[in-house]
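Notes follow the structure.
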């Protein structure tokens, strides 16, 4: 797994990064940010969790670390592609 710069807003769980304390995929959050979604729009996707503070921190992290994140996203894409083609 690509190692990302440390942040209080993301944590490693089961060989992937998640929004700290939630299990919500960091890749999902970052994708929504890159698609131009607002904090409120992203938070609405998980209404059962109070995300505002964590999302604001994660968005700042995403903007500050875009180059580091590119390698992680490429790795995630390759892993997902492998999963789709794995016979059960």
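Read the figures in this text as sums done on the coordinates, not as results from a lab. These numbers were taken from a predicted model, which means no experiment stands behind them. Neighbour counts run over all protein chains shown; Cβ positions are idealised from the backbone, glycine included.
Okay, here's what the table says:
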item	result
Computed over the chain, Kirkwood Rh from alpha-carbon pairs, angstrom	13.6 Å
Degrees between helix 52-64 axis and first principal axis of the chain (Cα, 0 to 90, nearest 10)	60 degrees
Rough spin-label spacing in nm, given labels placed 7 Å along Cα→Cβ, for residue 14 and residue 40	3.2 nm
Percentage relative contact order, the chain, counting C-alpha pairs under 8 Å, at least six apart	30 percent
